[in-house]
Amino acid sequence: MLCACSGEQFKFEEVPQSPESLATRDFSASALSSRTWDWDSRFEESQLEDVECTLKEALSLNYEEARALLGRLEYQRGNFSAALQVFQGIDIRGIAPRMSKSIAERPKRKKGKSKSEPAPTNVMSMHSVSLLLEAILLKAKSLEGLGRYKDAARECKTIIDTVESALPNGIPDGFIDECKMQDMFHKALESLPKLWKQAGLIEEAIFAYRRVLIKPWNLDPISLAAIQRDLAAVLLYSGIEASPHPDLQTSLKITPMSNTEEAILLLLLLMTKVASQEIPWDQEIFNHLTFALSVAGLFEPLSDHIEQIFPGVHHRADRWYLLALCYSARGEDEVALNLLKKSLGPSEKPNHLPSLLLAAKLCSQNPKLTHEGINFGQRAIDCSKDDHRHGVAHFLLGVNYGKYARHGGVSDTERKVLQGESLKSLQKALLTERQDPYVILCLGLENAVQRNLTEALDNVTKFLEVVGGSLVEGWRLLALVLSAEQQFKDAETIVDIALDETEKDESLRFLRLKAMLQISEGQPSQAIEIYRTLLTLVQAQREKTPWKTDMEVGFGKNFEMKAWHDLAGIYTRLGMFSDACVCVDKAKSISFYSPMNWHATGCNILLSSKVKHLRLCLSPQRRPLVLVL
């Protein structure tokens with residue numbers, strides 16, 4: 001036998017043939033641990049050979065058991081290399097079948113025999129099984145301490161394979177574990193996926209997690225919840241789409257279609273356990289569920305789970321803020337804003353900075369609420385302490401000032417003041433958020449509205465440099481600024497480039513912009529063809545992939561109505577009033593009560609009647625009558 005530390009050869013005169021040695025002695029692995037730990041203070045490393053012989057003679061241990069105890073000694077001393085050398089002397093492959101047989105026979109013996117009846121001599125005692133399982137587990141821990149994670153995972157897998165081969169249907173009810181065998185097995189179950197993750201083998205880790213969950217292993221609820229939570233985290237953040245193992249697919253009652261779906265199912269199950277107080281509140285579970293449902297776009301169930309959180313976990317203002325985020329993501333900005341107003345009340349948290357910033361953002365998206373957004377923005381500036389949030393608050397305040405100046409129905413003097421405040425706030429935001437593309441874009445847009453075309457061109461050029469030309473908002477604003485400078489050819493070139501790089505929804509907007517540029521260049525016939533192509537694409541897209549959300553439906557109808565209205569305006573200017581009436585009727589079919597459509601109808605009727613009257617006055621039959629009048 002290899003000596004534990006020196007490596008010298010040592011031979012027993014007679015190697016014990018029977019694996020049973022501890023069955024006749026009434027002590028557990030923990031008792032042995034305390035006894036050998038006391039011996040540890042009296043022996044040096046050079047005396048481990050004598051310790052092994054003493055253990056064999058005093059405790060009637062066989063070869064593997066003596067190695068297990070000596071290895072535990074070295075592991076408890078923190079000497080992982082020596083412990084590993086001792087554990088490697090145990091023939092794990094040779095004893096694994098006997099261990100499995102002993103575990104499998106244990107329930108039968110419990111049911112069919114009394115405690116006083118001795119166990120068969122060819123079956124290992126559970127004391128021996130527990131001691132050897134502990135040795136394999138400590139060997140894995142030693143390998144982990146030495147950074148050999150893959151080898152450590154293989155050792156843990158050996159424990160799981162051994163127990164699972166003996167108990168293929170899981171640990172049965174009423175399984176009495178006097179020797180802590182079940183504890184060793186549970187530690188191996190919890191350690192295996194972590195070791196695979198440390199080794200960088202994520203698919204093996206996912207398989208190990210799933211292997212724990214498909215059979216009843218008598219894990220306590222908190223440990224089982226921790227495994228389910230960790231599996232959900234790996235599925236969400238690993239970046240690997242791991243399909244169920246072929247051996248597991250027959251055991252799964254539900255086969256999720258993706259990693260995200262499986263993670264959501266696990267997290268929903270955990271939240272149900274939290275709601276029933278089976279496990280305590282775990283903020284990490286809630287964070288994972290929030291991320292998973294947000295990625296999947298399931299904001300309604302997310303808001304339901306936020307409402308189900310027990311009082312005291314979050315402050316009411318924080319809960320309303322989270323709910324406001326959910327409703328805002330669902331497109332229900334009005335409900336979200338009402339929740340934020342409630343959370344910012346004097347009896348709650350009137351200076352809650354995230355709520356103030358979100359309220360200012362929601363108000364900036366509705367021209368009718370920009371005056372309230374100015375108030376929220378100013379309050380956010382007063383509450384912000386760090387430079388970043390101070391810059392964000394100035395940015396939102398500037399956006400609200402600009403939109404209120406354009407849509408607030410104010411006088412010219414007030415508009416000048418508001419526009420000046422908008423530019424001032426956006427420039428302050430740019431001082432702290434120099435690389436924020438949206439701050440640069442909004443500053444360029446405000447300069448363009450106020451006819452500061454040189455500054456606007458500089459801003460949009462910087463925006464495209466920051467984002468690398470990947471956002472279509474920059475190309476659209478650049479085309480508009482160039483068209484404002486009467487550079488229609490350059491603007492049309494920009495639009496053509498954007499059409500080649502954008503998706504279908506954005507390409508429709510650029511087609512409308514290109515048609516407008518054609519009108520500005522005095523080419524109405526080409527503009528009409530572009531509008532025909534545009535309307536054909538809109539109709540085909542609506543029939544092929546109908547808009548699902550209210551936001552998509554509203555955008556699609558509004559865009560189509562504007563296109564018909566633009567086309568009616570071209571026909572009206574060309575004197576083709578019948579065609580213009582057809583276009584206006586199409587627009588009315590989309591939104592009958594739209595003021596824009598009825599204004600276009602009135603203009604069309606007025607212009608057509610004037611033309612008819614003029615033609616009547618210039619006709620040869622009526623010319624004398626006109627002279628008389």
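Observations
- Gyration tensor (alpha-carbon) shape descriptor, the range 468-546, a/c threshold 1.5: oblate
- Here the dipole of the range 313-379 is about 120 debye; that uses its Cα centre as origin and unit charges on the Cβ of Lys and Arg (positive) and Asp and Glu (negative).
- With a threshold of 31 Å on the Cα-Cα distance, the over-threshold entries among LYS342/LYS416; LYS361/LYS562; LYS424/LYS557 are LYS342/LYS416; LYS424/LYS557.
- When each of LYS180/LYS273; LYS197/LYS273; LYS150/LYS197 is checked by Cα-Cα distance, pairs over 20 Å: LYS180/LYS273; LYS197/LYS273
- Positive-end residue, the range 306-368 charge dipole about Cα centroid, Cβ charges, pick of GLY312, LEU322, LEU357: LEU357
- Each part gets one Cα centre, and for the range 329-367 versus the range 429-497 those centres are 30 Å apart.
- Calculated FRET efficiency for the pair LYS557/ASP173, C-beta based, R₀ 60 Å, to 0.05: 0.45
- Using a simple spin-label model with pseudo-atoms 7 Å out from Cα toward Cβ, GLN523 and THR502 lie 1.8 nm apart.
- Gained length - ARG77 relative to GLU465, 0.36 nm times residue gap less alpha-carbon distance: 133.7 nm
- Nearest-10 value in Å² for the accessible area of SER243, using the 1.4 Å probe: 90
- Straightening the chain between SER411 and ARG154 buys 84.8 nm, computed as 0.36 nm per residue apart minus the Cα-Cα spacing.
- Sorting 415-422, 324-331, 520-527, 387-394 by their mean Cβ neighbour count within 10 Å, with the most densely packed peptide first, gives 324-331, 387-394, 415-422, 520-527.
- Full extension of the segment from GLN541 to SER608, taken as 0.36 nm per residue of separation minus the current Cα-Cα distance, would add 20.7 nm.
- In Å², nearest 10: area of LYS557 left accessible to a 1.4 Å probe: 110
- Most to least accessible of ARG379, ARG451, ARG573, ARG93 (protein chains only, probe 1.4 Å): ARG93, ARG573, ARG451, ARG379
The values are calculated or read from the model by the stated rules, or taken from the named source; none is laboratory data. Remember, it's a predicted structure, so these values are computed and weren't measured experimentally. Cβ coordinates were reconstructed from backbone atoms using ideal geometry, including for glycine residues, and neighbour counts include every protein chain displayed. Keep in mind that these areas ignore ligands, DNA and RNA; they rest on the heavy atoms of the full protein, side chains included. Shrake-Rupley method; radii C 1.70, N 1.55, O 1.52, S 1.80 Å.
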